[in-house]
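Visitor: Sending over a structure as structure tokens; questions will come in a sec.
The values are calculated or read from the model by the stated rules, or taken from the named source; none is laboratory data. Treat the numbers as computed from the prediction; the structure is a model and nothing was measured. Here the Cβ positions follow ideal geometry from the backbone for every residue, glycine too, while neighbour counts run over all protein chains shown. The accessibility values were calculated without ligands, DNA or RNA, using every heavy atom of the protein model including side chains. Shrake-Rupley method; radii C 1.70, N 1.55, O 1.52, S 1.80 Å.
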Amino acid sequence: MDNVIFSSWNGKIVDNRKGKTSKAPKRADITLPKLPEEEKPLALMGWNGLVVMNPEADIVSLTLRYLKEIRKLSCGECSVCMIGIDRLLDIIGEMAKGEGSKADIAEMKAIIKQVCVNSKCGFGQSALFPVLDSIKFYKSDFLALIKGEKKLEDKDYSCTVTAPCMEACPARLDIPGYIELIKNNKFKESLDLIRENCILPGVVGRVCTHPCEDACVRKDIDEPVSIRLLKRAAADDDLQHGGSSLNGPQKEREERIAIIGAGPAGLAAAYNLRLMRYGVTIFESLPHVGGMAAVGIPEYRLPRDILNHEIDLIKRIGSELKVNTKVEKLSLKDLKKKGYNAVFVAVGAHIGTKIGAEGEDKGYEGFVDGVEFLRNLNLGEKVKPQKKVIVIGGGNTALDCARSCVRIGFNDVEIIYRRSRVEMPASDEEIEEAEKEGVKFNYLMTPVKILAKDGKVTGVECIKMKLGKPDESGRRRPVPIKGSEFTIDTDLIIPAIGQRSELPVIPDKEKIEITKWGTIKVDPITYMTDVEGVFAGGDCVTGPAIVIDALNTGNKVAKSIDCYLQGGSLARGITFEGVDLKKQMGRGFTVKAPAQGVGFLDVKERAGSFEEVEGGYISMEAMSEAQRCLRCYRVVVWEKAI
Ligand SMILES: Cc1cc2nc3c(=O)[nH]c(=O)nc-3n(C[C@H](O)[C@H](O)[C@H](O)COP(=O)(O)OP(=O)(O)OC[C@H]3O[C@@H](n4cnc5c(N)ncnc54)[C@H](O)[C@@H]3O)c2cc1C
């Protein structure tokens, strides 16, 4: 797309149609959506303008196609945009039949202005902007159509629909779509739509870190739409009505796939591969399925009946599941001999990172890594509450350990973190809830030595820190203050500063490259490792991430394995990196309305109980919250070279 002949993208006009260099900004100044090069796009029309790359492009036909696509998304609720788009389609149709006149162009402009000003939602307020550009800058083409000098043609088009929230979601869920269905009391349909890309909706509806809400346009007006809680509402409503089942495939294919690891990535791949009728076997080293969702995330944030229900649905569509089966050495040859045609390695990141303190490797009783502590707890180990516990780290895992200790019955739960609160990676909600539960936070200190007597932890020697210049993470680097060492007495120390993968699964003779961060190197598009037929994804490729990331990878790996086995390549599609999806967003009729709140378990009831802390919406509340969605759909249509 380097040869831009015309562009109105971002409201900046680049017009090189007459071969003259325009005074307006050049291509380099505009960030356009990246279209698939192999499609040799001729022209693109999207909410933010019209871009023409090739003089052969047919702008009137492109405009017609764009109008047809946006018509599909017009909900008709405030009727202005639906009526407006219908009239625009009629006018172009009349022009094509030789029944048009010059006055139609003025009418089109007037309609567009009315729709943009009077529509209630973000979609109606913005979708027609580029049509105005095509009428204005390609007026002669419309006049040629009116005069019968030009015909409308159905060319080869591609279309994509996105929204700021959808682009922020790793799995690109159709967020405005499922919210709209909830708004119309169609909870079941909403859940079906969510499940197309997220097979653990009740889980993600509870624990997702919801990057979508940070991108929500409503955030700039009052508060973001509670997208996560709406997803939870769709899943909870289904359970309250008995829980729907998933349809499994009728006929099997011959090919079998081995999946190593039954976490979100492995489960999503298994589900999608089953829908494609492949035989699937999942090997899982632990007795439970669910990966970190089962043995990491504590029950007070994710009740196990919710997780187990969703896992059961996936199991029931026919994946063979071998728990308590650790794959020690992976050899594709061996697996092929056993009848597997492809392998997906999804082993997560289950080994705690070292804190660099003296004595941490001595195996002292009372020194246990955060992920191991949570795993043991989740697998049913009874932890005896003691007087005091020190948790080391500032991320959500550290918070999960500390808040679990409160529930186990420790009297004194303290976190030590080497930077200040501002730099703490844990979410504000988690920190606030922990504070309410009595967790004490000690900032700007780090452990240097584990103190023990007779092989049992007695305390930790720490040093005070100050903040220096920002490091590569952008956060200010903690610097030790010489001579500031001090001691804290404690019975239990839980370091929780990060995780890495355990990869005995990869034997030396298989030439699978491991990165310097200890993750598996894969092709970024296909997820295939250096060994043909072996794919990898989830936390063991990205490093510790979030559930929705792992689910997304599982979905994509399934498609990639299918392409590998059946021939074919993965479509790269359009990408919106650096594109301001909020541009052109009108503010029309938006009335300020704060988000619907939910109840929380009383703090007094939390100690000694792993009961779920956050409440959900009842249907009416969910429908009311869904009303706040501005439907910021962005449609892009482009003409491809034949
Ligand atoms: C304490 C904690 C809290 C978290 N909280 C959140 C949160 O609130 N929200 C969120 O979105 N994300 C959260 N995460 C992150 C999230 O759980 C992970 O990103 C996600 O589970 C990764 O999925 P995965 O499938 O890649 O790996 P995992 O979930 O780790 O699953 C990998 C599976 O592979 C199995 N396995 C490993 N080696 C072998 C082997 N050799 N043979 C057979 N099986 C093997 C493991 O036992 C495990 O079951 C949290 C993580 C932790 C540790």
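Visitor: Work out how far the C-alpha atoms of the chain reach from end to end along every principal axis, then list the three figures in whole Å, largest first.
Guide: Principal-axis extents of the Cα atoms in the chain, largest first: 97, 59, 54 Å.
Visitor: Also, quick follow-up: Sort 202-210, 64-72 by packing, meaning the average of other beta carbons within 10 Å per residue, with the highest value first.
Guide: 202-210, 64-72
Visitor: Using a simple charge model, +1 on the beta-carbon of Lys and Arg, -1 on the beta-carbon of Asp and Glu, nothing else, what dipole does the chain show about its Cα centre, in debye to the nearest 20? List each step's numbers first, then the result.
Guide: Numbers: 94 positive and 92 negative charges, 285 e Å.
It works out to roughly 1360 debye.
Visitor: Using DSSP to call loops (not H, G, I, E or B), can you name the GluC sites (Glu not before Pro) in segment 316-401 whose Cβ has at most 13 other Cβ atoms within 10 angstrom?
Guide: Of the GluC sites (Glu not before Pro), the ones in loops of segment 316-401 whose Cβ has at most 13 other Cβ atoms within 10 Å are Glu328, Glu381.
Visitor: Relative contact order for the chain: what percent, with Cα pairs under 8 Å and sequence separation of 6 or more? Numbers along the way, then the final one.
Guide: Values: 1313 pairs, mean separation 131.5, N = 642.
Relative contact order comes out at 20 percent.
Visitor: So, one more: Tell me which of Ser473, Val406, Ile431 sits at the most positive position along the dipole axis of segment 352-498, charges placed on C-beta atoms (Lys, Arg +1; Asp, Glu -1).
Guide: Ser473
Visitor: Next question. Accessible area, 1.4 Å probe, largest first: how do Asp549, Asp471, Asp361 sort?
Guide: Largest to smallest exposure gives the sequence Asp361, Asp549, Asp471.
Visitor: When the C-alpha atoms of segment 415-493 are aligned to their principal axes, what extent does each axis show, in angstrom, from largest down?
Guide: Extents along the principal axes: 42, 34, 18 Å.
Visitor: Just by accessible area at a 1.4 angstrom probe, what is the order of Arg500, Arg407, Arg375, Arg572 from largest to smallest?
Guide: Numbers: Arg500 125, Arg407 5, Arg375 50, Arg572 160 Å².
From most exposed to least exposed: Arg572, Arg500, Arg375, Arg407.
Visitor: Are there GluC sites (Glu not before Pro) in segment 209-263 that DSSP marks as loop and that have at most 15 other Cβ atoms within 10 Å, and which are they?
Guide: Glu252, Glu254
Visitor: Related question: Report in % the part of the accessible area of segment 6-163 that belongs to carbon and sulfur, leaving out ligands and nucleic acids; probe 1.4 Å.
Guide: Carbon and sulfur together cover 50 percent of it.
Visitor: In addition: Which order do the peptides 424-431, 276-283 come out in when sorted by mean C-beta neighbours inside 10 angstrom, highest first?
Guide: 276-283, 424-431
Visitor: Please give every one of the aspartates and glutamates within straight-line cross-link reach of Lys464, meaning a C-alpha to C-alpha distance under 20 Å, and leave out same-chain neighbours fewer than 8 residues apart.
Guide: Partners within reach: Glu358, Glu360, Glu414, Glu423, Glu485, Asp489.
Visitor: Right, another one. How much accessible area does Ser119 have with a 1.4 Å probe, in Å² rounded to the nearest 10?
Guide: Only protein atoms counted, so the area is about 0 Å².
Visitor: Now, a different point. Going by alpha carbons, how many degrees (0 to 90, nearest 10) lie between the helix axis of 80-96 and the longest principal axis of the chain?
Guide: Compared with the principal axis, the helix lies near 40 degrees.
Visitor: Over the heavy atoms of Glu107, what accessible area does a 1.4 Å probe trace out, to the nearest 10 Å²?
Guide: Glu107 has an accessible surface of roughly 70 Å² with all protein chains in place.
Visitor: Express in whole angstrom the spacing between the alpha-carbon centres of segment 35-79 and segment 147-177.
Guide: 7
Visitor: Over all alpha-carbon pairs of segment 352-498, lay out the pair-distance distribution in 10 Å bins, whole %, shortest bin first.
Guide: Going out from 0 Å in 10 Å bins, segment 352-498 shows 12, 43, 36, 9, 0 percent.
Visitor: Of Gly291, Leu335, Pro264, whose Cα points farthest to the positive end of the dipole of segment 231-339 (charges on the beta-carbon: +1 Lys, Arg; -1 Asp, Glu; origin at the Cα centre)?
Guide: Toward the positive end, the furthest listed residue is Leu335.
Visitor: Could you point to the residue in Thr542, Gly370, Gly46 farthest towards the positive end of the chain's charge dipole, with +1 and -1 charges on the Cβ of Lys/Arg and Asp/Glu respectively?
Guide: Gly46
Visitor: Among Arg87, Arg274, what's the order by accessible area (1.4 angstrom probe), most exposed first?
Guide: Values: Arg87 70, Arg274 10 Å².
The most accessible residue leads, giving Arg87, Arg274.
Visitor: Compute the helix-to-body angle for 264-275: its Cα long axis versus the longest principal axis of the chain, expressed 0 to 90° and rounded to tens.
Guide: 50
Visitor: Compute the acute angle (0 to 90°) between the alpha-carbon long axis of helix 547-566 and the principal axis of greatest extent of the alpha-carbon atoms of the chain; round to the nearest 10°.
Guide: Here the helix axis deviates by roughly 70 degrees.
Visitor: Cα centroids of segment 356-434 and segment 206-246: how far apart, whole angstrom?
Guide: Here the answer is 28 Å between Cα centres.
Visitor: Moving on to the next point. Within 10 Å of each candidate Cβ there may be at most 13 other Cβ atoms; applying that plus a DSSP loop requirement, which chymotrypsin sites (Phe, Trp or Tyr not before Pro) in segment 489-571 survive? Before the final figure, lay out the partial values.
Guide: Working: sites: Trp517, Tyr527, Phe535, Tyr564; in loops: Trp517, Tyr527.
Here the sparse-neighbourhood loop sites are Trp517.
Visitor: Here's a follow-up. Which value at 222 nm does the chain reach when only helices count, each DSSP H run of 4 or more adding -39,500 (n - 2.57), with the total divided by all residues and rounded to the nearest 500 deg cm²/dmol?
Guide: -10000 deg cm²/dmol
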